[in-house]
Amino acid sequence: MYISEVRMQDFRCFERVLFSPGEGLNLIVGDNASGKSSLLEALFYLGRGHSFRRTAASRIIRDQQKSFTLNAQIETEQRRSLKLGIQREPGNQRIKVGTRDNAAILDLVNALPLQIIDPNLHRLLEEGPHYRRRYLDWGVFHVEHGFFPAWRRYQRALKQRNSALRAGLAKTSVIVWDNEFVQAGLAVDACRRGYIDSLTKILPALVGEILGGEEVRILYQPGWAKDQDLGSALARSLDSDQRAGFTHVGPHRADLRVRVGSVSARDWVSRGQQKVVTAVLLLAQAMLLDKRRQLKPVLLIDDLAAELGGSYRKALINVVQRLQGQCFMTFLDESLIPNEIGEMRMFHVEHGRLRQSG
């Protein structure tokens, strides 16, 4: 799968852009604030329906304009073309996938699997469990076919149970949702556990290639105590749930703990090393998706040179090229492009204008 064409209008600093990337490596070169990261942001938006930056949607719209529009053509693994489109204005977003004019964000995620490695990816290790659940569930969604129906059932039961708790209803009105909550929650948990098992089988070889002798382990925490089953944990938390007005236990409270050797990855030596560990986790997901579904996600790599030593950059480049999927990488200057990069297509960004070079 790859993106064959992108059209942008009034996105960030770009007034109008027609972009035809190659199937393999695409290098985006430009000064700071030239728009190269915004180009990756537009591609990410096409696959996720939101930005990877912490910014209000209204600020993504170019100054003095009322909306932005993104359109792309995707070539699938079966060499079929699929068109994606997003129009965003303050308070409203319209998504088109193929012939569907009112598609959902999940339709985008399913149509265009992509992963981003950016200078802020250390958040996966340093910040709250929301980031790690999002990492986990992106992979499970694309690999475990039973996950999404179970996740949707679970979210509905959780929403109804929390609504009853916030309303201060009697226990009988709260626990009426417990059976569905537990059944769907266990299905979600089983999919996550199966995915983690598959992911950990890929990690050792990848870790050895990029990190050398270090051992990276992923420890899964399901969202309730290990010595209890979900039904018992839910029953035991009912009183505290009623006092707080929300459900304390369940898959929505799951987390991942990542360890490097004998220490937590978040306490590892440097921000640059944390970035390498997170990049390994993201590339492992890409490899697993290719192995299980013969589907190569599009990779977005923003400022590869930032905080990474030369040996790490070389190892990451080698893995990315071996994946043989479509990849977009940004660089501040052509001199920072590693010699290991082989065939590629290069673009320059300057003041919101994009041109192909070479």
* Asked: Under 8 Å by Cβ, and 6 or more places apart or on different chains, what pairs join a residue from region 293-307 that is modelled with pLDDT under 90 with one that is of a type in the set (Ser, Thr, Tyr)?
  -> Asp303/Ser37; Asp303/Thr330; Leu304/Thr330; Glu307/Ser270
* Asked: Can we say Asp31 is of a type in the set (Asp, Glu), touching a residue at least 40 places away in the same chain (Cβ under 8 Å), in a loop (DSSP other than H, G, I, E, B) and more than 14 Å from Leu300 (Cβ to Cβ)?
  -> yes
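Please verify whether Arg80 is without any contact (Cβ under 8 Å) to a residue 24 or more places away in the chain, surrounded by fewer than 16 Cβ atoms within 10 Å (Cβ to Cβ), basic (Lys, Arg) and touching a strand residue (DSSP E or B) at 6+ places or on another chain (Cβ under 6 Å), treating the condition exactly as stated.
It is false that Arg80 is without any contact (Cβ under 8 Å) to a residue 24 or more places away in the chain, surrounded by fewer than 16 Cβ atoms within 10 Å (Cβ to Cβ), basic (Lys, Arg) and touching a strand residue (DSSP E or B) at 6+ places or on another chain (Cβ under 6 Å).
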* Structure fact -> In the set Asn110, Asn71, Asn102, the lone residue that is among the polar types (S, T, N, Q) and touching a residue at least 40 places away in the same chain (Cβ under 8 Å) is Asn71
* Would you point out the residue of region 120-131, among those that are out of contact with any helix residue (DSSP H, G or I) (no Cβ under 6 Å at 6 or more places or on another chain) and assigned to a helix (DSSP H, G or I), that is nearest to Leu300 (Cα to Cα)? => His130
* To do: Mind telling me which of the residues Leu316, Leu299, Leu289, Leu281 ends up being buried (at least 20 other Cβ atoms within 10 Å of the Cβ) and farther than 14 Å from Ile117 by Cβ?
  => Leu289
* Right, Ala315: out of contact with any Cys (no Cβ under 9 Å at 6 or more places or on another chain) and either touching a residue at least 60 places away in the same chain (Cβ under 8 Å) or of a type in the set (Val, Ile, Thr) (or both) or not? -> yes
* With the condition kept exactly as written, say whether any residue in region 48-56 is under 20 Å from Val109 (Cα atoms), within 17 Å of the chain's Cα centre (by Cα) and outside any loop (DSSP other than H, G, I, E, B). => yes
* **First in region 330-344 and in contact (Cβ under 8 Å) with a residue 24 or more places away in the chain, second anywhere and of a type in the set (Ser, Thr, Tyr), Cβ under 8 Å, 6 or more apart** => Thr330/Ser37
* To do: With the condition kept exactly as written, say whether any residue in region 231-248 is under 24 Å from Leu124 (Cβ atoms) and either out of contact with any helix residue (DSSP H, G or I) (no Cβ under 7 Å at 6 or more places or on another chain) or surrounded by 20 or more Cβ atoms within 10 Å (Cβ to Cβ) (or both).
  => no
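Could we say that Arg152 is in contact with a helix residue (DSSP H, G or I) (Cβ under 9 Å, 6 or more places away or on another chain), modelled with pLDDT of 95 or more and surrounded by fewer than 20 Cβ atoms within 10 Å (Cβ to Cβ) here?
yes
Looking at Asp241, is it of a type in the set (Asp, Glu), under 22 Å from the mean Cα position of the chain (by Cα) and assigned to a helix (DSSP H, G or I)?
For Asp241, the condition - of a type in the set (Asp, Glu), under 22 Å from the mean Cα position of the chain (by Cα) and assigned to a helix (DSSP H, G or I) - is not met.
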* Determine which single condition Ala42 fails, assuming it passes every other condition in (1) surrounded by 19 or more Cβ atoms within 10 Å (Cβ to Cβ); (2) among the hydrophobic types (A, V, I, L, M, F, W, C); (3) in a strand (DSSP E or B); (4) free of Cβ contacts under 8 Å to residues at least 40 places away in the same chain. => (3)
* Structure fact -> Restricted to region 186-219 and to residues being in contact (Cβ under 8 Å) with a residue 60 or more places away in the chain and not in a helix (DSSP H, G or I), the residue nearest to Pro149 (Cα to Cα) is Ile218
* Asked: Has region 280-293 got any residue that is closer than 25 Å to His348 by Cα and outside any loop (DSSP other than H, G, I, E, B)?
  -> no
* Structure fact -> For region 253-274, the count of residues that are outside any loop (DSSP other than H, G, I, E, B), buried (at least 19 other Cβ atoms within 10 Å of the Cβ) and at pLDDT 85 or above equals 3
* To do: Determine whether region 337-355 contains at least one residue that is surrounded by fewer than 17 Cβ atoms within 10 Å (Cβ to Cβ) and in contact with a His (Cβ under 7 Å, 6 or more places away or on another chain).
  => yes
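The values are calculated or read from the model by the stated rules, or taken from the named source; none is laboratory data. Here the structure is a predicted model, which means the values were calculated and not measured. Cβ coordinates were reconstructed from backbone atoms using ideal geometry, including for glycine residues, and neighbour counts include every protein chain displayed.
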